[in-house]
Amino acid sequence: MNRRKLLSLLGMSPALLAGAELGAQQPKAAKSGKVPSAGNAQFEALNPKGSPPPVRLIPMAPRLNTIHGKTIYLVDTGFMSGGVLLQQMQIWFNKNYPDVTVVFRKKAGSYMEDDPPLWKEIKEKGNAAIMAIGH
Amino acid sequence: MATKSFADLAKSNASKRGMPHIRACFTPHPVWGKTAEQLMAYVEGDDPVSGKPLMKEIIDGLTVPLTAEDTKTGMMDVNVGPPVFGPDTLDNLQTHFLNNGMTDFLPVIIPTPEKVDAMLKGTSHHPDEVIGKMAAGAFAAWTYTVKQVAVNAVMAGCEPEYFPVVLAVASSGMAALGSSTTSFAYSMVINGPIRDKLNMNYTIGAMGPFAQPNATIGRAWTLVGKNLGNGGIPGDTYMGSQGNNTNYNNIVIAENEKDSPWTPFHVQKGFRPEENVVSLFSGEDIRQGHGARRAGVLENPMFDDQISDIFRTLTSQFDALVICDPLTVRRLVEQGYDTKEKLMEWLWKNTQRTAKDYRDSAFVYTFHYPRALRGEEPYATWYKCPEGTLIPYWPKPDNIVLVVAGGQTNPFFQVGNLTYRVSVSIDKWM
Amino acid sequence: MNRRKLLSLLGMSPVLLTGEPAHGGQNKHAAGAGADSGPLKVTAVNPKGIPPSIQLIPMAPRLDSLDGKTVYLVDTGFHGSDLLLHQVELWFNRNMPSVTLVFRRKAGPYAQDDPPLWKEIKEKGNAVVMATGH
Amino acid sequence: MGIPSVPLVTKAFKDLAILNAAKRGMPHERIVFTPHPVWGKTPEELRVYVDGPDPVTGKPLMKEVVDGLTVPLSDEEKKTGIVSVSVGPPTYTDTAENLQDLYLNNGYTDFLPIVLPTEDKVNAMLKGTSHHPDEVIGKMAAGAYPPWSYTVRHVAASAVMAGCRPEYFPILLAIASTGIASLFSSTNSFAFSMIINGPIRDKLEFNYGIGALGPFAQANATIGRAWTLMSKNLGNGGIPGDTYLGSVGNNLNYNNVVIAENEEASPWDPFHVQRGFKKEENVVSLFRGLGVVPGQVARGSSVNTSPMFDAQLSDLFSTFTGFFGALVIADPLVAVRLKEQGYDTKEKLIDWLYKNTTQTVKDYKGRNYSYLFEYPQALQGVEPFATWYKLPDDAVIPHFPRASSFNIVVTGGQTNAYPQAANMSYGVSVSIDKWM
């Protein structure tokens, strides 16, 4: 599924989806000209959806001009084997971008928990982050 | 960077949290169980979603300048469509509800204004009262009114007199389709005189498709989870890899209080016998007692021992919900268990396993181990003791729930690996 | 539920159920009671399959009295049936001592027929009490 | 038999006994009832039953027995001949809302809303097959009852009611043609399941990815449901106390565990190919048993870097009854992992599971179904039961009687490497293409 289709199914508003159709539309108008019977009598039906909370948009952080000479944090969120994958990525950076400083960190707590000290450290010492999620 | 299985989830969740254009990249799935060499091939290969080299995606993600859309701030409303669909034919509306993910893919009663008004007569609460918040996992919760619950109750096929039960369930904020890669099961136990008032079935075929309130109230919980809690969207708010067949009805159990010599479940939870209460459970599954060792002992069947035997393949992450036919209960009473508490105590003490088996369990590793590391008891002790030490399955006897249902054609029992969550008064929603 | 009501639900014909309607029949609600669906009527087909006809079996003539007769007590093999039939035997011994009782366990699992036993009973017995269920 | 008899039945089976006697031709059979249950009672307790009243009539039980054998027959009791059973008129006409009520109240549904089977809708459904609407395609009974028969059109009515599209119809005809009902009369509460194989899975957009066994696709939801409606309407099943006796009931009867195999992501032969069909054939295979258990609960389920799914499955199967089979429902991630462990065919894994899932003879003999169903067979010399019953108590024997007790199917969305395990036996595989 592409992003546009996916967001459309979520009911995201046109501000997010310039041009995309909303997920929950009116059904196609019934064909006219038929003799009324129980089969084609017209009814209204209520929308069963609850009220979703509004979404506060977060602007994405400015991008780097280049990663050369920068410090990149590789963050392992703790899913099984995520660390092994990131270590392979570190090797790749060493080979292909030797001037990039790569810092590996395992996020504290279980995968559902936040880790503010780590975010602080990355903000202070790092220029970019790659986070591995899933297994 | 996420694995391909979570592509839809990662994108939609970033959107809901305010960053609809997040630059996510994807590796093949799974990462778990792969060797370092295999994972290096992932790193040097393509992003399976975009088809572009993974590392190029990562570097581009960090360096390509942002567009105007990427830097937007502000509040965005999420649109769920118009308040009313139609007018149109019933057939077209049926198709519309189906195609827009508002159903469980089975036919619904079309929630016309008249039907919804009739449903609303089933409660004294105001249609516009906001009664709860629900999320199917770690998502932003949706809110809903009495009227929105009524729409879903109509769709499920409920009668207006069932409505207080559905409202009580909805007010708990608990969704029947929780998002996890594990495919969870849900269950509700109903107690009080309302069982007879609504003609609920608690005798032959108690947990099967044999009565309208049992069938439709259980189904309504799933529709409420989908439409009011935004749950059940595969790849987004539902990630259960294999799915769970009990999610169609959510295992509705009306307790057979009449034929049970024990205290009804709601009374155990502090309600009066004449109160109407719905109690919600969630967990893994439900299974039958037939596989128990010694289940065929004829002259003197020991159901305590059989139930304990079935317990030995449950996970400690979830509790035990035992559903006994009244014949089984009568026999247990003859054995000396004249209260539920006595049997709970015996089962708790006598269902044990080694610390090694405990620690080898998937859920224990994921959920109990971090708590043990923080020093939380009894998990800390259970992680410290030698491998061969026998430990109970659960921290206390209360983790075992006993409920009576069935038509007394056979002294059988079933066991759910399900945890008690909450009991809600139905009377408050009348 | 009484026998008449039960058979009526089965759809047994008036031959069996003089005076009873053969079926649940049409809905009692007045047409048009459903405000939203309006007075318009639709026709829907009955989804039921074709039940087999029933060949009536006349019951065997009853005995004038059990005195001096032979009654077979047949155990179909469900748990506890043997003990129950033994109590029936003791009752006869106490209350109708002239009756000869013969206890037989039917061969095979409970769902299987036992023609040799039926033959034996027909030849040597005058009546049967069979215990079914548990 | 031609000699007067009285059946002695426990009160729990009252409706069943009366109705079954009627269906077999003796609507006025003189049945005497004892209190329920008899199982587990002492002789003293049973003497109280015998000396006490019949709990149905309230009259002394033994007077009922003696009267049953001696009171002369009435005219009705002597009747012979053939009576037909009415199922009501061929069609009903009313408002849509009233018809929805009527179908529910007449027991035609699973108590959930249906699509009304109007003639238009039934005719549209009939376009889903080339078979003639009046072709009689099968006979079905939900147990030891005289079976009902049905035509293609009868099947179409239940299919419409369940919410099926016409293109699903051949699958329902295939299921109906087997005569297997998904609501079976027993005091046990059985579960049923079907596996769908072949290109039709994609044509009908079956879900075999995330949430495969749950309510996430119309084909999975409605075809499973239709089986239960057919069992009620065509096979006369699912009437509590008459043709359904499951004491506690089974929640899986709503949908009947529809499993579309994820053939594309599976490293093994699809299930229908194992059964001798060609890969491009469309096949539905039916199962019966007790239920489905998730693999997360197995011992050793978190042996981290190297999960041993074979051992986990074996652990799950060890609390199953060997009377029913063991069906592995593997997520593709599990299947791929098992292949890496060396199980490059389903047969190899089945062989390992059969040999390594064991029990002691003592435990075997203690199991419910062993006594009820397998012990009589052992007495007749049927293997392996005859041998098992002769072995000493501590001998270790397979948990399931034969390797063919095991079956494997692959489905799921690859978000999580866990299997599910069902205590279910394979019944039959039917070509769907024949019903197109």
When residues of the range A:79-100 are filtered for being at pLDDT below 80 and more than 8 Å from chain B (Cβ to nearest Cβ), how many remain? 1
Residues satisfying the stated conditions in the range D:196-226, i.e. more than 13 Å from every other protein chain (Cβ to nearest Cβ), in a loop (DSSP other than H, G, I, E, B) and surrounded by fewer than 24 Cβ atoms within 10 Å (Cβ to Cβ): D:P199
For the range B:325-343, check the following and say yes or no: at least one residue is open to solvent by 40 Å² or more (accessible area, probe 1.4 Å), out of contact with any Asp or Glu (no Cβ under 6 Å at 6 or more places or on another chain), modelled with pLDDT of 90 or more and at the interface with chain D (Cβ under 9 Å from one of its Cβ atoms). yes
Filter pass, B:A220 being more than 10 Å from chain D (Cβ to nearest Cβ), farther than 20 Å from B:I109 by Cα and buried (at least 24 other Cβ atoms within 10 Å of the Cβ): no
The strands (runs of 3 or more DSSP E) lying entirely within the range D:270-377 that contain at least 1 residues which are open to solvent by 10 Å² or more (accessible area, probe 1.4 Å) and in contact (Cβ under 8 Å) with a residue 12 or more places away in the chain are D:283-294, D:358-360
All but one of (1) touching a strand residue (DSSP E or B) at 6+ places or on another chain (Cβ under 9 Å); (2) more than 7 Å from chain A (Cβ to nearest Cβ) hold for B:M75; state the number of the condition that does not hold. (2)
Would the range D:127-150 turn up any residue that is small (G, A, S), surrounded by 24 or more Cβ atoms within 10 Å (Cβ to Cβ) and without any contact (Cβ under 8 Å) to a residue 40 or more places away in the chain? no
Quick test for you: out of A:P27, A:P36, A:P54, A:P62, pick the one residue that is open to solvent by 50 Å² or more (accessible area, probe 1.4 Å), modelled with pLDDT under 70 and either at the interface with chain B (Cβ under 7 Å from one of its Cβ atoms) or under 30 Å from B:A118 (Cβ atoms) (or both). A:P36
Give the residue, chosen from D:S86, D:S74, D:S130, that is within 30 Å of the chain's Cα centre (by Cα) and either facing chain C (nearest Cβ under 7 Å) or under 30 Å from C:E89 (Cα atoms) (or both). D:S86
Which residues, taken from the range C:29-51, are surrounded by fewer than 17 Cβ atoms within 10 Å (Cβ to Cβ), in contact with a helix residue (DSSP H, G or I) (Cβ under 8 Å, 6 or more places away or on another chain) and at pLDDT below 50? C:H29, C:A31, C:A33, C:A35
Would you check which residues across the range D:104-133 are closer than 27 Å to B:E159 by Cβ and of a type in the set (D, E) and list them? D:D110
Contact list please: Cβ distance under 7 Å, first residue in the range D:175-191 and more than 24 Å from B:G407 (Cβ to Cβ), second residue of a type in the set (S, T, N, Q) and at pLDDT below 95, pairs at least six apart or on different chains. none
Lone qualifier among D:A417, D:A386, D:A395, D:A421 - being closer than 21 Å to D:R288 by Cα and in contact with a helix residue (DSSP H, G or I) (Cβ under 7 Å, 6 or more places away or on another chain): D:A421
Which of the residues that make up the range B:115-134 are touching a strand residue (DSSP E or B) at 6+ places or on another chain (Cβ under 7 Å) and not basic (K, R)? B:V116, B:P127, B:D128, B:E129, B:V130, B:I131, B:G132, B:M134
I'm told B:R353 meets every condition in (1) in contact with a Lys or Arg (Cβ under 7 Å, 6 or more places away or on another chain); (2) open to solvent by 50 Å² or more (accessible area, probe 1.4 Å) except one. Can you identify the failing condition by its number? (2)
Six or more apart or on different chains, Cβ atoms under 9 Å: show the pairs whose first residue is in the range A:116-135 and outside any loop (DSSP other than H, G, I, E, B) and whose second is buried (at least 18 other Cβ atoms within 10 Å of the Cβ) and polar (S, T, N, Q). A:M131/A:T77; A:A132/A:T77; A:A132/B:T3; A:A132/B:T27; A:I133/A:T77; A:I133/B:T3
For the range B:11-56 the number of residues that are of a type in the set (S, T, N, Q) and in contact with a Pro (Cβ under 7 Å, 6 or more places away or on another chain) is 0
Residue pairs, Cβ under 7 Å, 6 or more apart or interchain, first in the range D:100-111 and farther than 15 Å from B:P213 by Cβ, second among the acidic types (D, E). List them. D:L102/D:D94
Any residue in the range C:122-133 that is more than 7 Å from every other protein chain (Cβ to nearest Cβ) sitting within a Cβ distance under 9 Å of a residue that is among the hydrophobic types (A, V, I, L, M, F, W, C)? List the pairs, counting only those 6 or more apart or interchain. C:K124/C:V102
Residue list for the range B:6-29, filter: without any contact (Cβ under 8 Å) to a residue 12 or more places away in the chain and either part of a helix (DSSP H, G or I) or in contact with a His (Cβ under 8 Å, 6 or more places away or on another chain) (or both): B:A14, B:S15
Among residues of the range B:402-430 being within 20 Å of the chain's Cα centre (by Cα) and of a type in the set (V, I, T), the residue surrounded by the most Cβ atoms within 10 Å (Cβ to Cβ) is B:V403
Residues D:S177, D:S182, D:S193: which one is in a loop (DSSP other than H, G, I, E, B) and either touching a Gly at 6+ places or on another chain (Cβ under 9 Å) or buried (at least 24 other Cβ atoms within 10 Å of the Cβ) (or both)? D:S182
Reported set for the range C:56-84 where residues are at pLDDT below 85, at the interface with another protein chain (Cβ under 9 Å from one of its Cβ atoms) and touching a Phe, Trp or Tyr at 6+ places or on another chain (Cβ under 8 Å) is C:G77, C:F78, C:H79, C:G80, C:L84
For the range D:412-436, what are the residues that are open to solvent by less than 40 Å² (accessible area, probe 1.4 Å), under 28 Å from D:G179 (Cβ atoms) and more than 21 Å from the chain's Cα centre (by Cα)? D:W435
Take the conditions open to solvent by less than 30 Å² (accessible area, probe 1.4 Å), among the charged types (D, E, K, R) and out of contact with any helix residue (DSSP H, G or I) (no Cβ under 7 Å at 6 or more places or on another chain) and apply them to B:D47. Does it pass? no
Of B:N214, B:N201, B:N230, which residue is more than 21 Å from D:A191 (Cα to Cα) and either crowded, with 24+ Cβ neighbours inside 10 Å or at pLDDT below 95 (or both)? B:N230
Restricting the range D:239-263 to residues that are more than 7 Å from every other protein chain (Cβ to nearest Cβ) and modelled with pLDDT under 95, the one most open to solvent (accessible area, probe 1.4 Å) turns out to be D:I239
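The values are calculated or read from the model by the stated rules, or taken from the named source; none is laboratory data. All values reported here derive from a predicted model rather than from experimental measurement. Positions of Cβ are generated from backbone atoms using ideal geometry, with glycine treated the same way; all protein chains shown enter the neighbour counts. Heads up: the accessible areas ignore ligands, DNA and RNA and are worked out on the full protein's heavy atoms, side chains in. Shrake-Rupley method; radii C 1.70, N 1.55, O 1.52, S 1.80 Å.
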